[in-house]
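Working notes, beginning with the structure itself.
The values are calculated or read from the model by the stated rules, or taken from the named source; none is laboratory data. The structure presented is a predicted model; accordingly, all values stated were derived computationally and were not measured. As a convention, Cβ positions derive from the backbone with ideal geometry for all residues, glycine included, and neighbour counts pool all protein chains shown. Side chains included, ligands, DNA and RNA excluded: accessible areas come from the protein's heavy atoms. Shrake-Rupley method; radii C 1.70, N 1.55, O 1.52, S 1.80 Å.
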Amino acid sequence: MENCNQALRLDPAYLPALYNQSALPAARGDTAIARTLAERAYRLRPDNEAIRQLYLRFNRDPSPNPWPRRQTGQAYRQSADDRNTSVPRPSARLTSRLFPARLWMMGTRPFTERLNTRIGMAGVLAAVVLVSVALYLPATQYSFVWDDEPLIVNNSLLASSGPAEIFSRGFWAGGPDQDTGPSASYYRPLVTLSFWLDLHISHANPHWFHLVNLLLYALAAAAVTLVLWELLHSGVWALLGGLLFAAHSSHVESVAFVSGRTDIMLTLFTGIAAFALLRSFRKHNRWWWLAVLAAFGCALLSKETAVLFPLLVALAPLLVGVRYDRRHWFLVLAALVVLGGYFLLRAAAVPLATPDGSTETWRPFVASINTLGLYIRIFFWPFEHNLWYQATDTPLISTPNAVAVLLFVVSALVVALKRRFTKALWGYAWTVAFLLPVVSIASLGPLAAERLLFLPSAGIVMALVAVLSRLVKSHAPARRIAWAGVAVVIVLLGTDSMMRTRVWRNAETLFPAMIREAPDVAGGYSNLADAIAGRQPDSALALYERALRLDPDFAHAHLHAAILLRSKGDQRRAIQHLRVARELAPNSHMVLNNLALAYRAVGEVDSALVTIDRALALPPGGSAALRLNRASILVSAGRADEAARELDRALALDSTIPGARTMLADLLRQRGRYDSAIALMQAEVKGRPSAPSFAYLGDLFINKGDSALAGLSYNQALRIDPAYVRALYGQSVLSAAQGDSATARMLAERAYQLRPDITEIRELYSRLVRLPNP
């Protein structure tokens, strides 16, 4: 072997060395190297019979790792055992000696064949990962937008719960409003767990969340590339398919939008499961089934779309052209067991989703055809982006959508009839299996989102690459033209992805784009109003009114317009909006809670209590915030004892809820229980120090007669907020009582400059300025 290597180094065209060097890798089963050397020898001496026979022997082998088409698993293992007994495996010492020669021979092979090796595939995966990261690297500097707010920023349960508790509740639990609609049945604990980890690592830094999204996307693209490699055994086509998937601009919404992580994790785990499944066929190694089941379980816990993966497992041998093995049905059964366990787990955590009860069977069919056609059109022409695809009222199938569906079905039938396109059936089955759960079945028109195409687009890429690879397999010029064409498409898609990513920078760039792309959709105006409500309440209110002119039944706009009106003091108009919102969303905790508070503000305490009790009776039960608001209504009704008991329940549900300890301490103060009230406020300032809390603690110490501790509390409040009027007033009174008139006058003057309209501050200032200077 070493002599042959030396001979080829001196003369790479020396026929005896080429012939002998080809024989040893062939005996070891390394057909890729053997085929290359035999082909070089045949090109030099095609008239030599021994060389010609060797070349023809390898030329009949369809690939370096052929799919076993006519052998069962037992026969394949028996033949492998025969080979192992007839040809001893090389020792570790011999392998180490052969490694430099193999590297040298790889350098002499064509680039396309070098990609078919393990080292070549590692390079392919690295290229796909690097391109994925490069395309979306600017997104790591973006902010939280849209659904990120209720899922992460304003989620009351995300930061306070443990990892195990995440698996016992729904995806939207802990948001500002307890959703009781269809999304209340979403169960995606692995995604929520990833948010929980990011939150505890980064302390709600959005850049970290976006970075994790980017890394997960790169891994998902690598998983799709591995599936393509197992399917086609071509490094070039796996590279092109992986880059096509990574650069596709319909994926921008999933990567640049933190909440789009659900589809990324779903695709990552589904891709791992599919790779392990195809690998188990080629290697005849059933240990890969464990990876299939584990990855399938993780995909289910990432998003519900994975429920049809067992169907893909059952059809896999037929789709990739291998014989059915009866033991394969054990894997199908195991996948169904995993699916059953998932349903049991989610049934204990979230309510079961119920259909809308429509009796017109043709309407869901029309909607499904429209949405399926829309998704196919988005994949093949993703440049016309839209953040909001609104359903239409027409009962007819759109002509472009119908044409897209027809072409998809016809191409699938043609592929099924042509044996050489068998591998493409896997991509078609993948696309159908994962599009079915996301096509619209409740509306008449195409109601869709680009992020829902993320997982099905991997199947379209697989089908497309499989068909192209077989069409141009025997024609080198056509193959090069196809490679160049796919490369140009990848560049165009990557450019469009980078440009589209900028839309997701923040709310000020996202929602104006939504309004531009869908000016007749109320949701865009409402979302923009949500984003600017804290800074520009008047502009936000005008946007809510514009949204309601487009859609008078938009409950979200009614609710948030009412919240703005309440903050402006217009309680009557707020109640009008909230009553409409209650009719549109009768089971919304947030609507009922705000309506109860509005009733209390106008003095209708009985109506407020009835409304808040209705909110508490809704599943999943009363939250700490609802208990706190009910206590405040009971205080307004003069029922202090009931209010105290309600506050105890609120603190039992959430000991960190703001305002509960302060309200309970005030009720205890009214009863003269100063020690208990002081203990509560000391716990409050220890866990959440603030100027109002310290100032109120100082008032409690004054009531108890401890002026020293009262002064310390007022000073702590002024350190946190030097302009806090209540602390200035209390410290001024305390200093005057202690004879320090200069300090008392200075503090009273500062308080008077800040709030001259408060009677107590004005009287204190008038009294102290008459005192002579010390």
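When the residues of region 453-481 are filtered to those that are of a type in the set (V, I, T) and out of contact with any Phe, Trp or Tyr (no Cβ under 7 Å at 6 or more places or on another chain), the one that is farthest from A424 (Cα to Cα) is I481. If you go through region 622-658 and keep only what is modelled with pLDDT of 85 or more, crowded, with 17+ Cβ neighbours inside 10 Å and of a type in the set (D, E), you end up with just E646. The set of residues in region 315-355 being out of contact with any Pro (no Cβ under 7 Å at 6 or more places or on another chain), open to solvent by less than 20 Å² (accessible area, probe 1.4 Å) and within 30 Å of G170 (Cα to Cα) consists of L331, Y342, V350. Within region 134-161, residues that are within 18 Å of R502 (Cα to Cα) reach partners that are open to solvent by 10 Å² or more (accessible area, probe 1.4 Å) and part of a loop (DSSP other than H, G, I, E, B) with beta carbons closer than 6 Å, at six or more positions or on different chains, in the pairs Y142/R505; S143/N506. Given the options A608, A555, A547, name the one that is of a type in the set (A, V, I, L, M, F, W, C), touching a helix residue (DSSP H, G or I) at 6+ places or on another chain (Cβ under 7 Å) and under 25 Å from G170 (Cβ atoms). None of the other options fit; the residue is A555.
With respect to the conditions (1) modelled with pLDDT under 90; (2) in contact with a Gly (Cβ under 7 Å, 6 or more places away or on another chain), K568 falls short on a single one, namely (2). Scanning region 302-314 for residues that are open to solvent by less than 80 Å² (accessible area, probe 1.4 Å) and either closer than 27 Å to R420 by Cα or without any contact (Cβ under 8 Å) to a residue 24 or more places away in the chain (or both) turns up L308, F309, P310, L312, V313, A314.
Among the candidates S676, S732, S766, the residue that is part of a helix (DSSP H, G or I), under 30 Å from R639 (Cα atoms) and hydroxyl-bearing (S, T, Y) is uniquely S676. Return yes or no: is R286 in contact (Cβ under 8 Å) with a residue 40 or more places away in the chain, open to solvent by 10 Å² or more (accessible area, probe 1.4 Å) and not aromatic (F, W, Y)? When the stated conditions are applied, R286 passes them.
Applying the condition of being open to solvent by 10 Å² or more (accessible area, probe 1.4 Å) and either aliphatic (A, V, I, L, M) or within 22 Å of the chain's Cα centre (by Cα) (or both) to region 289-301 and asking which residue is farthest from G494 (Cα to Cα) yields L290. Selection within region 241-271: residues that are closer than 17 Å to L130 by Cα and open to solvent by 10 Å² or more (accessible area, probe 1.4 Å). The member of this set that is nearest to the chain's Cα centre (by Cα) is L268. One residue stands out in region 605-621 among those that are under 32 Å from the mean Cα position of the chain (by Cα) and in contact (Cβ under 8 Å) with a residue 12 or more places away in the chain: the one that is surrounded by the fewest Cβ atoms within 10 Å (Cβ to Cβ), namely P619.
Table: residues versus (1) over 30 Å from L135 (Cβ atoms); (2) polar (S, T, N, Q).
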site	(1), (2)
R500	no, no
W504	no, no
P519	no, no
Y525	yes, no
A533	yes, no
R546	yes, no
Q571	yes, yes
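For region 589-604, a tally of residues being open to solvent by 10 Å² or more (accessible area, probe 1.4 Å) and within 17 Å of F554 (Cβ to Cβ) returns 2. Summed over region 512-529, residues that are assigned to a helix (DSSP H, G or I) and either without any contact (Cβ under 8 Å) to a residue 60 or more places away in the chain or open to solvent by 60 Å² or more (accessible area, probe 1.4 Å) (or both) total 8.
Restricting region 201-214 to residues that are surrounded by fewer than 23 Cβ atoms within 10 Å (Cβ to Cβ) and in contact (Cβ under 8 Å) with a residue 12 or more places away in the chain leaves a set whose member that is farthest from V320 (Cα to Cα) is A204.
Give the residue, chosen from S63, S79, S143, that is open to solvent by less than 50 Å² (accessible area, probe 1.4 Å), in a loop (DSSP other than H, G, I, E, B) and either at pLDDT below 50 or touching a Cys at 6+ places or on another chain (Cβ under 8 Å) (or both). From the options S63, S79, S143, the qualifying one is S63. Being open to solvent by 60 Å² or more (accessible area, probe 1.4 Å) and either part of a loop (DSSP other than H, G, I, E, B) or within 29 Å of E604 (Cβ to Cβ) (or both) holds for only one residue in R669, R661, and it is R669.
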